[in-house]
Structure formats: structure tokens, C-alpha cells
Amino acid sequence: MNDNIAALIPELALLGAAVIGLLAGSWLPRRRQWIVAVLAAAACTAGLIATSITMATGREQTVFSNTFAVDTATNAGRLTALGALLLVITMSVETVRGHTRETEYWVLLLLTGAGTLALLGANDLLMLFAAYLLASIPAYALVAFAKDNSGTEAALKYYLMGALLGTTMLAGTALFYGAGHATLYRELRTTLPEASYGLVAVALVAVLAGLLFKAGAVPAHFWVPDVTDGAPDPVAAYVTTLPKIGAMIASYRLLHQALPDSDVNWPLLLAVLAALTMTLGNLAAFFQTSVKRLLAYSTISQVGYLLITLAVATRTDLAQQSLLFYLAAYAATNLGAFAVVTALPAARTLEDYRGLARRHPGLAAVLVICLLGLVGTPPTGIFLGKLEIFSAAIDGGYTWLAVLAVANTVASLFYYLRWLTPLFTPTRSAPLATQAVLGHWTAATAYTAGTLALGLGIAGGAVLPLGYGDLLP
């Protein structure tokens, strides 16, 4: 058994900061609770440094009797998740500064972030479920942090769906154990092909139900618009970004490591779910006037593209690469859009953004980059990510899914342009949205995320095998 604790520095940094922050916050005066925010940011930075060192050494290993894997997918996911969590922390500074429960906010954020990191490397069904709980329970409390009617209702819906699908996931774990007499992925890989087809199929659907809930995919997507709309803006940014990173990589690992030789036709199941998710998300976003609900349905459609990589997980070597890159590009782009929304707290509808380009040209530029990035416009990171995913779908034998994804990409331009048009529409009286920016930290987060969204596209185009050069004749 390898118990190399150094391999878990990113996870331990977040958990340690959460414990220390909770204890320190009990003694700090209210005006000094920002120290816990600094501690949270330091933990994320330490995790990023440790992950970078691990990636530089190129060493892959498993710990705790092989139940947690530290490999390429884990490390790439750590970089994305920790970077995204750091952006959420900076985005939250003005929102929670001076709040009576400021320390609790940072501690909950650290705990649910640690749960996300645990999902990334889970190599055993029991570890997977424990990570699911750690990532979920603090997030329920975060959604209701404001203690208003909409937040409380959103948190209740989030909790009830999470509890139901979490229980379903645990039942699926029990069925997997009954079918394969193990919970470790590498052992299930050898035992499941000999197990009952029906039992394995039901177990897989049950476990995927919990993971699809975390990702916000059809048919477990109903919570996404209500939670996004009811939660505080930085929390909405969190729940539409980080859970997807953990859930998608955890799902990929489960399918790729435990079920590559199973008779269950899970690639077709994932392909159908991908088609339904991207199409429903786009159609539902068409006539939204609330910016947060529009972003909520947008994030559902983005999950549809990510699910394509799961459908071809064992069919092409491009699957993992496209999944990891798309997650990084999506995290930066989505957080950039939410940072602009957070910076303009009075802006709730599309019309509230009328004249933004004249009043706040910097934030307008970030919003243009991020919304066009979510469409998949070059040279943003999501453009290159979509190119990778479409190539993986074709290489994996799902050309029809790639065609549908391209059609959905074109269709999504409609509702993103509905938001962009008011930005450049002249107005005699400035609407509420353009009266004031929340604070410098939130604006800086928007500029940083927008720069990352562009930088990933430009840098990735030069590094990845399917770069911009492949588009040339």
C-alpha cells in the first residue's frame, strides 16, 4: 500500500486551510475575517504549485490501496479546479466582506473545493461516493448563504435532488459490488465482463445519475436554472463550473478504467445524453431575459459537448485530451462571464446591459470575449476545445453527434447575440446596470478570466496536435 501523503498536498492544503480557518474565524473580530480569505487563496496557490511540481516530475501513482490515482487527468483537473476556485475566491471578496458569517463562507468554499479534487482522482466506488458527499453538502449551504427567499428555495431544490440522486448513486455502488465483488476500478475491470448484463447496466445508470447531477446534464439538470438564479452571484459561478470539472473527470475515469470491456453499450447511452443535453440547453436559453438563467442553460448545453468525450472514452486517444482542455477553457470563460455579472449587481436582465460598452468598456470587452468564447469563436479556448471534441467524436465513430454539436454551436449564437446587442446600443439615460461596479477585486477577476479564455486558445493552438494550423489547406 502506497501512503505517500505528499501526493495529496493540494487536497490536504484545502482541508487544512478549512480547519484552521474555522478555528481562527471563531476568534477573529469581524473586521479581520478577511484573513481567512487570504488563507483560502494561499491554500489554492500552494495546491497549484504542488501540482505543477508533480506534473514536471511526470510521476503517476496511486495512494490508499489504489483508491486514489494521481495521474495526468488528476493533475490537469487539479490545475483547472484550483485555478477556478482561486477566481471564485477573488470574485467573492466584495460580496461577503464584513458579513457576519464571512469565515463560514470561505470554509464551505474550501470544503466543497476539496470534494471536487477528491472526485478527480477517485479510483474506487466508495472513494467516489465519499468525494460526492464532500463536494455536495457544503455547496447546499453556500447556495442558501444569503438567507433570502430565492436562495433558500434554490438550496432546498438543490439538496433534495442531490440527496435523491446521491442515494441512487450509493445503490448503484452496492449493485456494482454485487455484480463484480469489488469496488476498486481495476478489479471491476476484470470481473464485470463476466457479471449479469442487466445488473451491470442498472448499476451503471444509477452511479451515472449522481455524477450527471453534479455536472448538470439531462435528465438531472432541473436544479441548474433555479440554483443559479437564486444563489449569490459568486456561488452561482461556482456551482456552474467546479462541480462539472469533478463530475466529468470522475465519470471518464469510471468508464475508462472499470468498464472498457463491458457488454453494456454505455457509449451509445452517453451519446444520446450528450445530444439531448446540448440541444435542450440551447433551446431553453433562446428566450431567456434573465442573465443568470441564460448562463444556467448555457452551462447545460456546454455539458452536452463535454459528454461527447465520455461517449468515445475508449474509442479514441483524443477523448481525454479534449475533455481536459475543454474543461479548462470552459472554466475560464464561464467564470469571466459570471465575474461581469457579479461586478454589476444591479443588472439582472439583458436590457440592463444597454450602453455598457460606453460606461464600462473594459467589462464590456470581457463579456464579448466570454460570450463569443462560449459559442466557440476563434481564437478563444473553447473554439479549440470544440475542435478537439468534434475530432474525437468523428475518430470515435460518432460523426452524427459531431454534426449535431456543430448545429447546436451555430444555433447558440442567437441567444448570446441577444445579450451582446444591448451592450453597444446607445441610450440617453444609463440603466441601472451601468451605474456602478461592485469592486476592484471582482473587476480584476473578470479581466483575468477573460485573458485566460483568450490565452488558452492562442497557446493551445500552438501546442495541441489539432491546432489552428490544421484548419489551413
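The values are calculated or read from the model by the stated rules, or taken from the named source; none is laboratory data. Note that the coordinates shown come from a computational prediction; the quantities given were computed from them, not determined experimentally. Positions of Cβ are backbone-derived with ideal geometry, glycine not excepted, and every protein chain shown enters the neighbour counts. Heavy atoms of the whole protein, side chains included, go into the accessibility calculation; ligands, DNA and RNA do not. Shrake-Rupley method; radii C 1.70, N 1.55, O 1.52, S 1.80 Å.
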Against the conditions (1) modelled with pLDDT of 95 or more; (2) in contact with a helix residue (DSSP H, G or I) (Cβ under 7 Å, 6 or more places away or on another chain); (3) more than 29 Å from V341 (Cβ to Cβ), where does G180 fall short? Just the number, please. (1)
Heads up, the helices (runs of 4 or more DSSP H) in the stretch 241-323 (entirely inside) with at least 3 residues that are open to solvent by 10 Å² or more (accessible area, probe 1.4 Å) are 266-285
The condition of being open to solvent by less than 10 Å² (accessible area, probe 1.4 Å), of a type in the set (A, V, I, L, M, F, W, C), part of a helix (DSSP H, G or I) and within 30 Å of L12 (Cα to Cα) holds, among L170, L165, L188, only for L188
Can you tell me which residue within the stretch 58-78, out of those that are outside any loop (DSSP other than H, G, I, E, B) and surrounded by fewer than 19 Cβ atoms within 10 Å (Cβ to Cβ), is modelled with the lowest pLDDT? Q61
Quick one: how many residues across the stretch 226-240 are under 15 Å from the mean Cα position of the chain (by Cα) and either surrounded by fewer than 24 Cβ atoms within 10 Å (Cβ to Cβ) or not in a loop (DSSP other than H, G, I, E, B) (or both)? 8
Here are A135, A141, A130, A179: which of them is crowded, with 24+ Cβ neighbours inside 10 Å, hydrophobic (A, V, I, L, M, F, W, C) and touching a residue at least 12 places away in the same chain (Cβ under 8 Å)? A135
If we ask which residues in the stretch 1-26 are within 19 Å of L108 (Cβ to Cβ) and not in a helix (DSSP H, G or I), their number turns out to be 1
With the structure loaded, tell me whether Y159 is modelled with pLDDT of 95 or more, open to solvent by 60 Å² or more (accessible area, probe 1.4 Å) and closer than 20 Å to D261 by Cβ or whether it fails that test. no
Consider the stretch 144-161. How many of its residues are assigned to a helix (DSSP H, G or I) and either in contact with a Leu (Cβ under 9 Å, 6 or more places away or on another chain) or of a type in the set (D, E, K, R) (or both)? 3
Close pairs from the stretch 23-35: first of a type in the set (D, E, K, R), partner open to solvent by less than 70 Å² (accessible area, probe 1.4 Å) and at pLDDT 85 or above, Cβ under 8 Å, at least 6 apart: R30/E102
Kindly indicate whether S52 is at negative phi, open to solvent by 40 Å² or more (accessible area, probe 1.4 Å) and of a type in the set (S, T, N, Q). yes
Matching option when the condition is assigned to a helix (DSSP H, G or I), over 12 Å from T67 (Cα atoms) and open to solvent by 10 Å² or more (accessible area, probe 1.4 Å), among L117, L108: L108
Conditions: (1) of a type in the set (S, T, Y); (2) surrounded by 16 or more Cβ atoms within 10 Å (Cβ to Cβ); (3) over 20 Å from S65 (Cβ atoms). Y197 meets all but one. Number of the miss? (2)
Kindly check whether there is at least one residue in the stretch 22-29 that is touching a Lys or Arg at 6+ places or on another chain (Cβ under 8 Å) and either open to solvent by 30 Å² or more (accessible area, probe 1.4 Å) or of a type outside the set (K, R) (or both). no
T399 is checked against (1) open to solvent by less than 50 Å² (accessible area, probe 1.4 Å); (2) over 19 Å from the mean Cα position of the chain (by Cα) and fails just one. What number does that condition carry? (1)
Would you say Y197 is modelled with pLDDT of 95 or more and hydroxyl-bearing (S, T, Y)? no
